[in-house]
1. What length, rounded to one decimal in nm, is gained on full extension from GLU251 through to THR197, with 0.36 nm per residue of separation minus their alpha-carbon distance?
2. From the protein chains alone at 1.4 Å, what is the descending order of accessible area for MET249, MET181, largest first?
3. With n ≥ 4 as the cut-off for DSSP H runs, can you work out [θ] at 222 nm for the chain, using -39500 (n - 2.57) per run divided by the number of residues, rounded to the nearest 500?
4. Straight-line reach from LYS61: which aspartates and glutamates have Cα under 20 Å away, leaving out those fewer than 8 places along the same chain?
5. Starting from the Cα of LYS13, draw a straight line to each of the aspartates and glutamates and keep only those under 17 Å, dropping any in the same chain fewer than 8 residues away.
6. Going through the cross-link list LYS353/LYS432; LYS62/LYS85; LYS371/LYS408; LYS62/LYS88; LYS335/LYS408; LYS55/LYS89, which pairs have a Cα-Cα distance over 19 Å in this structure?
7. Tell me the label-point distance for the pair ARG84, LEU31, using the 7 Å Cα-to-Cβ offset, in nm and rounded to one decimal.
8. Which residue, GLY394, GLY185, GLY132, has the most motion in a Gaussian network model of the chain that connects Cα atoms within less than 10 Å?
Amino acid sequence: MRLLLSKRKIFSKIFLLFFIVAFIGWLLDLLFPALLATSLVLLGWNYRHIFILDKWLWRDKKLTPPAGDGSWQQVFDGIYYRQRKARKKNKELRALIRRFRDGAEALPDAIVVLNHDWTIIWCNKLAQQLVGLRWPQDERQRIDNLIRNPEFQTYIQQKQFDQPLELSSPVNEDLVLEYRMLQYGEDQHLLIVRDITQLKLLEQVRKDFVANVSHELRTPLTVLQGYLEVMDADNLPQAGIWQKAHTVMLEQTKRMDALVQQLLTLSRIEAAAKVQFEEHIDVPAMLAMLEQESHTLNRDKQHQIQFTVDPALVVSGIREELRSAFSNLITNAIKYTPNGGEIQVSWVRQHQKAVFSVTDNGEGIAPQHVKRLTERFYRVDQARARATGGTGLGLAIVKHVLQRHNSKLMIFSEPKKGSSFSFSLPAESVPKSKAAKIS
Ligand code: ADP
């Protein structure tokens, strides 16, 4: 409980003391020396407490107040009370800051807290990873000295923060970052940086996809339409033209059919939620069928196609999707290998995994194309691919099928030497079995 010092009480105490001393001094005929001595004692007493107070405040590390006499004890207690209150406030504030920082660390975005002069007050770990800031070394550094990009500097100078700014990361050129500046308080700023690489990529792929679908569908449709108009004409053309028209219409219809089929397959794979895997897919039997089918395709090409199949290697998965992946890879090897080439198809067990590979000694693919091959409609040579009847969707389908089977398409290729497309299904998809014979 706080007790206030009472002026009246103090003065009456001093008055009483001096009165008694004066009285005794008067009796002993030592009035002035007695008053002087009392004043000095009082002064000494006060100085002693000032020293105690000074020692406690500046030298002692103790929080508890020193013992004092009379009203000084109350002064010490008052200071102690204030100190305790300040410490408690401090603790609360520190806990609040810690909570704020923990919260900011948990955010999926990079956060930089900035002062009115654009100097950094604090940044989270993601800001260090995405923007390359160093903490605590970059504390009090100007953000535009660290993100040395003219566009960013203009963004800050113009203070038009209603639109975010898109820039590549100073740490990794391949990352696209979205910078968003928020103003709060008195000219304080919060910089939020988000990695939108994936979003950008998806957006681009989606745009390309829609554009390509319409483009690809338009060509065969226009051809069909053109010939249908001829058919509608009053004057019947000669039989020869009819034959040609019929052939072209048939070709284009087939092509359109293939395209639509693959588009449907692709969107089906993409749209479908997790499908239940079928337990025992007889891949050797499936490959035997595909081997038969490949003969038809190979009739004009005259390749030597060799199938190496582990007859016991069955897997779990989605039958139709796996068939489509095998078929696309085999068909591509046949299509893109010049006549009389060599193609090896293999389905074998390796370290508990099931590995499928198609290797050809065909035209090969230049490195800059390899990583884009699985994009929809991506073709190394547009004209040639169309001539071979390709839709540009085969490898995109393979990629999606493999994603759903926890696998990845590996492509090794060297121009003019050949290519190898392979993937391995994980051990979980391969039932354990006795040592297998290879046919
Ligand atoms: P397409 O229907 O055009 O064959 P894909 O998605 O199956 O579409 O293949 C994309 C492109 O990859 C092809 O256009 C071709 O340029 C290239 N490609 C695929 N497989 C091979 C291969 N075995 N050898 C060389 N190039 C290939």
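1. Working: separation 54, 0.36 × 54 = 19.44 nm, distance 4.05 nm.
My answer for the length gained is 15.4 nm.
2. Numbers: MET249 35, MET181 5 Å².
Output order, biggest surface exposure first: MET249, MET181.
3. One gets -17500 deg cm²/dmol as the mean residue ellipticity at 222 nm.
4. In chain and number order, the partners are ASP77.
5. LYS13 reaches ASP69.
6. As for pairs spanning more than 19 Å Cα to Cα, those are LYS335/LYS408; LYS55/LYS89.
7. Reported label-point gap for ARG84 and LEU31 is 4.9 nm.
8. GLY185
The values are calculated or read from the model by the stated rules, or taken from the named source; none is laboratory data. Remember, predicted model here, so these are calculated numbers, not experimental data. Here Cβ is always computed from backbone atoms with ideal geometry, including for glycine, and neighbour counts include all displayed protein chains. Only protein heavy atoms, including side chains, enter the accessible area calculation; ligands, DNA and RNA are left aside. Shrake-Rupley method; radii C 1.70, N 1.55, O 1.52, S 1.80 Å.
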